[in-house]
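Asks: Structure in structure tokens, see below.
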Amino acid sequence: MTLWHGRFGGGPSEELLAFTVSLDFDRRLAPDDLAGSRAHVRGLGRVGVLTSDEVDVIVAALDRVGVELEAGSFIFQPGDEDIHTAIERRVTEIAGPTGGKLHTGRSRNDQVATALRLYTKRQLLTLAHRVIDLQRVLLERAVQAGDAYLPGYTHLQRAQPVLLAHHLLAHAWTFARDVDRLLDARGRLDVSPLGAGALAGSSLPLDPDAVADELGFAARFENSLDAVSDRDFVAESLFVIALLGVHLSRLGEEVVLWSSEEFGFLRLDDGYATGSSMLPQKKNPDIAELARGKAGRLIGHLTGLLSTLKGLPLSYNRDLQEDKEPLFDAVDQVGLGLAAMGGLMATADFDLDRMQEAADSPTAAAVDLSEWLVERGVPFREAHNIVGAIVRDSIERHVGMAELVEAHPALGTEAASLLEPGLAVTRRTTPGGAGPVAVATQIIRFRERLELDQERVGHG
Ligand code: ARG
């Protein structure tokens, strides 16, 4: 028996239920549905639609349903279309006719939107915590890395040496924007739709402000049609998660590269690597690869929901039920990915010698030579040409850079000393730059930012 059977002569077909039931996936909204229902019932009590005894009876039944759901003793019935109807059915069983007053002045349209906002609000905060956990790992590894350096790349070609700490913090700052976006999206969704009813509000003297307040929302809806049809908060959350997933993917791609024999910049801890079923020698970066791969799925969830929303007329349409699976999956997957990448980065063994060897190419200081000339009045473009010609000469004639620099009339011994291994990175001294002096400041600033963000998301 469904909750809406009154107008219907026959029961729902098997095919209808098979196609439309959402219970399998919206069960996870149970705590939020219960919270919404308690607030709604108390609201009805405050405005005199329910007596205080009735409120007590229904709230007690809701509490018992909560216990049953948690204990796993809740028995779902074939007519339970979704978690919302299942809970209401059970409340009515427990509370008798009084339970039938739970849904007074409410529709599943405002009920579902309320539960989903409560859920999303909580999950975005949890994800912000998980991002900060990963940032802490990156910061710790950056501090540990000290003055170790590696090649910085553009076009995946060695460009200039950078501190390993600088490279790790580049990812950490990227994630700081994700924390921002998670909190920002969370702030925007902090609006209660409860009281909008099916689409138009109610003839009963509801007080959506008080209900919003009780549920911890910052505000109530301004327009009932908008309240029940708005899924911007899901789309926005999916975007924020997709971009976070893209950032995890880029970090993952570097782990894939760095753990290859070709790079050899890091060895994965056994707990964060996988083996091959056939090739005994293999140690594979599956976490990093899945961080990369799952980003595709997260982008798909965003584009999928936007496609669902794009042609919908006001207000509620059943299409909106399609908001949940992508959201739940995105939340789950990115949460798992953050934790796995955090563990991987915390335990990875960086091969600092190998990194520095790769960075100590004689051409690593090419731009330093140009800038040395610039400081002596040579226009940069001309300095660039001089050094470029030396690099070409060195490659073509197999003569060492140092030798050529020393012999060059515009350069000489002092300039040649710039080629000393390890020197180039120390000369990147400008604010935000890749050398030890600038990075020391950056670490202080990043730590401040991290603690600020930790305050914003709370400790817990
Ligand atoms: N499970 C549905 C959803 O998530 C419930 C809403 C159904 N509302 C309705 N008016 N048929 O959207």
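The values are calculated or read from the model by the stated rules, or taken from the named source; none is laboratory data. Given the structure is predicted, the values throughout are model-derived calculations rather than measurements. Ideal geometry is used to build each Cβ from the backbone, glycine not excepted, and the neighbour counts take in all protein chains shown. Heads up: the accessible areas ignore ligands, DNA and RNA and are worked out on the full protein's heavy atoms, side chains in. Shrake-Rupley method; radii C 1.70, N 1.55, O 1.52, S 1.80 Å.
Asks: Of the residues ALA71, ALA86, ALA115, ALA61, only one is over 30 Å from MET341 (Cβ atoms), surrounded by fewer than 20 Cβ atoms within 10 Å (Cβ to Cβ) and modelled with pLDDT of 95 or more; which?
Replies: ALA71
Asks: State the number of residues belonging to segment 401-437 that are without any contact (Cβ under 8 Å) to a residue 24 or more places away in the chain and of a type in the set (A, V, I, L, M, F, W, C).
Replies: Residues in segment 401-437 being without any contact (Cβ under 8 Å) to a residue 24 or more places away in the chain and of a type in the set (A, V, I, L, M, F, W, C): 4 in total.
Asks: In addition: Scan segment 135-161 for residues that are assigned to a helix (DSSP H, G or I), of a type in the set (S, T, N, Q) and over 13 Å from the mean Cα position of the chain (by Cα) and report the count.
Replies: Going through segment 135-161 one residue at a time, the tally reaches 1.
Asks: Let me ask you something else. What about VAL179, is it touching a residue at least 24 places away in the same chain (Cβ under 8 Å), within 18 Å of ALA242 (Cβ to Cβ), in contact with a Phe, Trp or Tyr (Cβ under 6 Å, 6 or more places away or on another chain) and not basic (Lys, Arg)?
Replies: no
Asks: Every residue in segment 254-305 that is charged (D, E, K, R) and either loosely packed, with under 14 Cβ neighbours inside 10 Å or over 23 Å from the mean Cα position of the chain (by Cα) (or both), please.
Replies: Selection gives GLU261, GLU262, ARG267, ASP269, ASP270, LYS282, LYS283.
Asks: Only residues that are crowded, with 19+ Cβ neighbours inside 10 Å and either within 16 Å of the ligand (Cβ to nearest atom) or of a type in the set (A, V, I, L, M, F, W, C) (or both): list them for segment 89-102, please.
Replies: ARG89, VAL91, ALA95, LEU102
Asks: Please give the number of the condition PRO362 fails out of (1) away from the ligand (no atom under 16 Å from the Cβ); (2) of a type outside the set (Gly, Ala, Ser); (3) open to solvent by less than 60 Å² (accessible area, probe 1.4 Å).
Replies: The single condition PRO362 does not satisfy is (3).
Asks: Confirm whether TYR316 is at pLDDT 95 or above and within 23 Å of ALA115 (Cβ to Cβ).
Replies: For TYR316, the condition - at pLDDT 95 or above and within 23 Å of ALA115 (Cβ to Cβ) - is met.
Asks: Looking at (1) crowded, with 16+ Cβ neighbours inside 10 Å; (2) more than 27 Å from GLY201 (Cα to Cα); (3) in contact with a Ser or Thr (Cβ under 8 Å, 6 or more places away or on another chain), which one does LEU50 not meet, given that it meets all the others?
Replies: (2)
Asks: Which is out of contact with any His (no Cβ under 8 Å at 6 or more places or on another chain), of a type in the set (Gly, Ala, Ser) and either open to solvent by 20 Å² or more (accessible area, probe 1.4 Å) or touching a residue at least 60 places away in the same chain (Cβ under 8 Å) (or both), of ALA440, ALA383?
Replies: ALA440
Asks: I'd like to verify a number: residues in segment 302-323 that are assigned to a helix (DSSP H, G or I) and within 16 Å of the ligand (Cβ to nearest atom), how many?
Replies: So the count comes out to 10.
Asks: Within segment 365-380, how many residues turn out to be in contact with a helix residue (DSSP H, G or I) (Cβ under 7 Å, 6 or more places away or on another chain) and open to solvent by 10 Å² or more (accessible area, probe 1.4 Å)?
Replies: Residues that pass the stated criteria total 4.
Asks: Which pairs do you get when a residue that is more than 16 Å from GLY245 (Cβ to Cβ) and free of Cβ contacts under 8 Å to residues at least 60 places away in the same chain, found in segment 319-334, comes within reach of a residue that is more than 15 Å from the ligand (Cβ to nearest atom) and in a helix (DSSP H, G or I), reach meaning Cβ atoms under 8 angstrom, with the pair 6+ apart or on two chains?
Replies: As it stands, the answer is GLU322/GLY304, since those pairs meet every condition given.
Asks: Is there a residue being open to solvent by 20 Å² or more (accessible area, probe 1.4 Å), within 16 Å of the ligand (Cβ to nearest atom) and either not in a helix (DSSP H, G or I) or not small (Gly, Ala, Ser) (or both) anywhere in segment 332-350?
Replies: no
Asks: Is there a residue in segment 78-97 that is over 32 Å from the mean Cα position of the chain (by Cα), under 27 Å from PRO326 (Cα atoms) and free of Cβ contacts under 8 Å to residues at least 60 places away in the same chain?
Replies: yes
Asks: Suppose we filter ARG64, ARG38, ARG90 for residues that are of a type in the set (Lys, Arg) and under 23 Å from SER192 (Cβ atoms); which single one remains?
Replies: Selected residue: ARG38, the only one of ARG64, ARG38, ARG90 that is of a type in the set (Lys, Arg) and under 23 Å from SER192 (Cβ atoms).
Asks: Examine segment 306-325 for a residue that is surrounded by 15 or more Cβ atoms within 10 Å (Cβ to Cβ), aromatic (Phe, Trp, Tyr) and more than 27 Å from ILE83 (Cα to Cα), and state whether such a residue exists.
Replies: There is no residue in segment 306-325 that is surrounded by 15 or more Cβ atoms within 10 Å (Cβ to Cβ), aromatic (Phe, Trp, Tyr) and more than 27 Å from ILE83 (Cα to Cα).
Asks: Still on this model: Just checking, does segment 152-167 include any residue being surrounded by fewer than 21 Cβ atoms within 10 Å (Cβ to Cβ) and within 16 Å of the ligand (Cβ to nearest atom)?
Replies: Within segment 152-167, not a single residue is surrounded by fewer than 21 Cβ atoms within 10 Å (Cβ to Cβ) and within 16 Å of the ligand (Cβ to nearest atom).
Asks: Additional query: Among the residues of segment 118-134, write down those that are away from the ligand (no atom under 13 Å from the Cβ) and either open to solvent by 10 Å² or more (accessible area, probe 1.4 Å) or over 10 Å from the mean Cα position of the chain (by Cα) (or both).
Replies: Those that are away from the ligand (no atom under 13 Å from the Cβ) and either open to solvent by 10 Å² or more (accessible area, probe 1.4 Å) or over 10 Å from the mean Cα position of the chain (by Cα) (or both): LEU118, THR120, LYS121, ARG122, GLN123, LEU125, THR126, HIS129, ARG130, ILE132, ASP133, LEU134.
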